[in-house]
């Protein structure tokens, strides 16, 4: 089984495809549930599968610190450890080093940092990041990069992007090619058109199995994010998957698919599920709100998940008010199901040639509830 991507249909820039990997096929567009430390929070692997998820995400930084990549390998790899035989994409750890690590110092070789857990010292290089992801048995390996801060001057963004480009070349050289496994390069450049173009051109030369768009959804706002996608997505190879990292809201996903993105990940649906916020076809509900105390209707009548078919808004309200762990479990399951359905229905609409109408109808549902 070779790692490949079939583009099966387009509606404008929106794409429907099929990603083939050593661990199974993934219909696109797709949303990857975030399993940072080897688990999707508040979910069993069976529960994640029940949402319709085909691929999940793990994280190099967190897993290298605890329980350790070598230990994961000795225990049979991340797929076995998580009870997830399907595809796993692992983030390279660069973003977490920049955002979480203590006393970090970056140079040409990589990043030296102290763990946010116990203060222990580590040095993460492109080569070590590739080794860790190999030990984890990641289906899709991400190159080590620096996620440029926002805002950043053109000079700062250029320096950062070019360092990431050099790290991408070293990551490519260190990647162990295997049937059905792939490595993605990450386009950087902040909000500067010329830097995005330079980054994409350099990464295309390295002939990655897929391409990610990084450094967005970091404070620049949706309008600017869309502008960068309009610039960047057409620069990437048509026959390879495109992954927008760390995005986002349901509306972000709809707009990004319309601009040619195939893959997404974000902690938003799981984090929201733990804080009583439910994403529905009628907008976002806060289940702690007193208006749900006697509401005997399903959270979303259009959803077939266990949360919506067996329980009521009133019960969810009670669980969160009583601080019962079942509340976050049920609402996380629902939110991930909603995100999966959003992408699956979008795929159907793309293949039918009516993606714009699908987006309009979906957004109209959110607005109707907002004003109803």
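The values are calculated or read from the model by the stated rules, or taken from the named source; none is laboratory data. Please read all numbers here as calculations on a predicted model, not as lab measurements. Here Cβ is always computed from backbone atoms with ideal geometry, including for glycine, and neighbour counts include all displayed protein chains.
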Taking residue 249, is it within 17 Å of the chain's Cα centre (by Cα), free of Cβ contacts under 8 Å to residues at least 40 places away in the same chain and either over 23 Å from residue 146 (Cα atoms) or surrounded by fewer than 23 Cβ atoms within 10 Å (Cβ to Cβ) (or both)?
yes
Matching residues in the stretch 218-245 - criterion: being surrounded by fewer than 20 Cβ atoms within 10 Å (Cβ to Cβ) and closer than 23 Å to residue 92 by Cβ:
218, 219, 220, 235, 237
Only residues that are in a loop (DSSP other than H, G, I, E, B) and free of Cβ contacts under 8 Å to residues at least 60 places away in the same chain: list them for the stretch 37-65, please.
37, 38, 39, 44, 54
Looking only at the stretch 170-180, which residues are assigned to a helix (DSSP H, G or I), free of Cβ contacts under 8 Å to residues at least 60 places away in the same chain and under 23 Å from the mean Cα position of the chain (by Cα)?
172
Which of the residues belonging to the stretch 356-372 are assigned to a helix (DSSP H, G or I) and at pLDDT below 95?
367, 368, 369, 370, 371
If residue 15 passes every condition in (1) closer than 17 Å to residue 140 by Cβ; (2) part of a strand (DSSP E or B) but one, which one does it miss?
(1)
Working carefully through the options 127, 155, 131, 108, find the one that is assigned by TED's automatic domain parsing to the domain that holds residue 26 and free of Cβ contacts under 8 Å to residues at least 24 places away in the same chain.
155
Kindly check whether there is at least one residue in the stretch 265-273 that is more than 26 Å from residue 316 (Cβ to Cβ) and in a helix (DSSP H, G or I).
no
Give the residue, chosen from 45, 22, 14, that is in the same structural domain as residue 90 (by TED's automatic domain parsing), over 17 Å from the mean Cα position of the chain (by Cα), farther than 26 Å from residue 232 by Cβ and buried (at least 17 other Cβ atoms within 10 Å of the Cβ).
45
Having 3 or more residues that are in contact with a strand residue (DSSP E or B) (Cβ under 7 Å, 6 or more places away or on another chain) and surrounded by 18 or more Cβ atoms within 10 Å (Cβ to Cβ) is the bar; report the helices (runs of 4 or more DSSP H) wholly within the stretch 276-355 that clear it.
326-352
Filtered residues of the stretch 183-203 (kept if in a helix (DSSP H, G or I) and in contact with a helix residue (DSSP H, G or I) (Cβ under 8 Å, 6 or more places away or on another chain))
193, 195, 196, 197, 198, 199, 200, 201, 202, 203
Residue pairs meeting the criteria (Cβ under 7 Å; at least 6 apart or on separate chains; first in contact (Cβ under 8 Å) with a residue 40 or more places away in the chain, in the stretch 291-305; second assigned to a helix (DSSP H, G or I))
305/333; 305/334; 305/337
Candidates 219, 239, filtered to the one that is in a loop (DSSP other than H, G, I, E, B) and under 18 Å from residue 13 (Cα atoms):
239
If I filter the stretch 66-106 down to residues being at pLDDT below 95 and part of a helix (DSSP H, G or I), which single residue comes out as surrounded by the fewest Cβ atoms within 10 Å (Cβ to Cβ)?
99
Is at least one residue of the stretch 181-191 over 21 Å from the mean Cα position of the chain (by Cα) and either more than 25 Å from residue 128 (Cα to Cα) or modelled with pLDDT of 95 or more (or both)?
no
Of everything in the stretch 133-162 that's touching a strand residue (DSSP E or B) at 6+ places or on another chain (Cβ under 8 Å) and in a helix (DSSP H, G or I), which residue is surrounded by the fewest Cβ atoms within 10 Å (Cβ to Cβ)?
134
The one condition in (1) at pLDDT 95 or above; (2) under 22 Å from residue 58 (Cα atoms) that residue 217 fails to fulfil
(1)
Hey, residue 356 hits all of (1) assigned by TED's automatic domain parsing to the domain that holds residue 230; (2) touching a residue at least 40 places away in the same chain (Cβ under 8 Å) but one; which does it fall short on?
(1)
